[in-house]
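Working notes for the structure below.
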Amino acid sequence: MSAVSTRAVVLRGHDYGDSSRILRFYTEAFGVLSVVAHGVRGKSGKGAGVVASFTSGELTAYVRPHRDLHTMKDFAATRARVGLARDTLRFAGASVAAELVLSHAEQEAHEGLFHALEHALDELDAADVTNVPGVVLAGLWTLVEALGFAPQVELCVQCGNPLGPADVGRFDVVAGGVRCPSCADTSTGPRMGPVARLQLAEMLAGAAPAALTHARQHFGLVSDFISYHVVPKPLKSIPFLSSLLPVDVQAVP
């Protein structure tokens with residue numbers, strides 16, 4: 001059996017035996033790929049020391065069709081993203097992105113999702129610490145969009161009319177977007193004013209808002225949306241990340 005190579009990102013790993021690890025990659029050519037990396041915890045193991053979480057590189061592996069676990073031949077790291085491991089909030093944000101991809105993606109190529117994941121991790125690695133919550137949210141929403149589940153924020157999901165710049169509507173998680181004031185009531189969902197709607201639109205476009213407000217509410221919204229439309233249950237890593245948010249990013253202007 002010949003080996004194949006693909007660009008890949010390490011999303012998760014755990015020790016296996018005395019010197020090996022089982023690693024879960026998201027790859028450009030195969031989607032989610034689980035491999036056993038023999039000897040990487042030993043001094044002579046190929047790829048030793050470069051298989052930390054969220055590292056990107058070129059994965060070479062023996063991939064067998066219809067198998068859940070494959071064998072790694074080599075992994076040549078190209079971007080280590082060491083900044084993610086030095087900051088708890090940053091690492092927690094990357095973990096949320098990884099959990100989302102691993103919870104929904106399959107063993108098939110999805111080029112758009114691969115590039116969205118790499119971009120989200122790069123932006124998070126380089127972000128100023130005060131902007132981390134917004135960068136995490138922008139990354140999550142772009143991953144959701146790459147998976148085909150983006151919410152509707154410019155037009156009312158009920159009547160289809162454009163929302164005005166001063167309209168205060170409500171976010172209908174089940175319908176997948178914002179309802180205008182005429183179509184919304186208190187049972188529809190959380191209140192969403194023009195500032196929150198603009199911030200959500202910015203994050204869907206991949207940009208972190210310059211001055212993010214109500215960070216916890218935004219994380220609650222993306223968590224509810226993902227658990228209804230993308231994966232069958234809430235992401236476990238979001239509550240932990242929310243608990244790390246500094247007070248200043250939760251302040252109401």
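The values are calculated or read from the model by the stated rules, or taken from the named source; none is laboratory data. Nothing here was measured: the structure is a model prediction, and the numbers come from that model. Note that we place each Cβ from the backbone using ideal geometry, even for glycine, and neighbour counts take in every protein chain shown.
Let me confirm something: among Ala207, Ala120, which residue is surrounded by 15 or more Cβ atoms within 10 Å (Cβ to Cβ), small (Gly, Ala, Ser), on the phi < 0 side of the Ramachandran plot and assigned to a loop (DSSP other than H, G, I, E, B)?
Residue meeting the stated conditions: Ala207.
Regarding segment 159-174, can at least one residue be identified that is in contact (Cβ under 8 Å) with a residue 40 or more places away in the chain, touching a Phe, Trp or Tyr at 6+ places or on another chain (Cβ under 9 Å) and surrounded by 13 or more Cβ atoms within 10 Å (Cβ to Cβ)?
Yes, there is a match, as at least one residue in segment 159-174 is in contact (Cβ under 8 Å) with a residue 40 or more places away in the chain, touching a Phe, Trp or Tyr at 6+ places or on another chain (Cβ under 9 Å) and surrounded by 13 or more Cβ atoms within 10 Å (Cβ to Cβ).
Quick check, is Thr142 hydroxyl-bearing (Ser, Thr, Tyr) and either crowded, with 22+ Cβ neighbours inside 10 Å or not assigned by TED's automatic domain parsing to the domain that holds Ala211 (or both)?
In short, yes.
If Ala8 meets every condition in (1) modelled with pLDDT under 90; (2) crowded, with 19+ Cβ neighbours inside 10 Å apart from one, which number is that one?
(1)
Got a sec? Which of Thr186, Thr213 is of a type outside the set (D, E, K, R), over 22 Å from Gly93 (Cβ atoms) and modelled with pLDDT under 95?
Result: Thr186 is the single residue among Thr186, Thr213 that is of a type outside the set (D, E, K, R), over 22 Å from Gly93 (Cβ atoms) and modelled with pLDDT under 95.
Has segment 107-115 got at least one residue that is in a helix (DSSP H, G or I), modelled with pLDDT of 95 or more and within 12 Å of Gly93 (Cα to Cα)?
No: segment 107-115 contains no residue that is in a helix (DSSP H, G or I), modelled with pLDDT of 95 or more and within 12 Å of Gly93 (Cα to Cα).
Return a yes/no flag: does segment 67-80 have any residue that is small (Gly, Ala, Ser), farther than 22 Å from Ala146 by Cα and touching a Phe, Trp or Tyr at 6+ places or on another chain (Cβ under 7 Å).
no
Can you pull out the residues in segment 189-204 that are touching a residue at least 60 places away in the same chain (Cβ under 8 Å) and either surrounded by fewer than 21 Cβ atoms within 10 Å (Cβ to Cβ) or not in a helix (DSSP H, G or I) (or both)?
Glu202, Leu204
Answer yes or no: is there a residue in segment 82-104 that is farther than 30 Å from Pro194 by Cβ and either part of a loop (DSSP other than H, G, I, E, B) or in contact with a His (Cβ under 8 Å, 6 or more places away or on another chain) (or both).
Yes; the residues of segment 82-104 include at least one that is farther than 30 Å from Pro194 by Cβ and either part of a loop (DSSP other than H, G, I, E, B) or in contact with a His (Cβ under 8 Å, 6 or more places away or on another chain) (or both).
Could you please tell me which pairs satisfy a Cβ distance under 8 Å, a separation of 6+ or placement on different chains, a first residue in segment 101-128 that is touching a residue at least 12 places away in the same chain (Cβ under 8 Å), and a second residue that is basic (Lys, Arg) and in a helix (DSSP H, G or I)?
Final answer for the pair search is Leu124/Arg90; Asp125/Arg90; Ala127/Arg90.
Let me spell it out: the conditions are (1) in the same structural domain as Ala205 (by TED's automatic domain parsing); (2) touching a residue at least 60 places away in the same chain (Cβ under 8 Å); (3) not polar (S, T, N, Q), and Asp87 meets all of them except one. Which number is the exception?
Of everything listed in (1) in the same structural domain as Ala205 (by TED's automatic domain parsing); (2) touching a residue at least 60 places away in the same chain (Cβ under 8 Å); (3) not polar (S, T, N, Q), Asp87 misses just condition (2).
For segment 187-198, does any single residue satisfy the condition of being under 19 Å from Leu143 (Cα atoms) and in the same structural domain as Phe149 (by TED's automatic domain parsing)?
Within segment 187-198, one or more residues are under 19 Å from Leu143 (Cα atoms) and in the same structural domain as Phe149 (by TED's automatic domain parsing).
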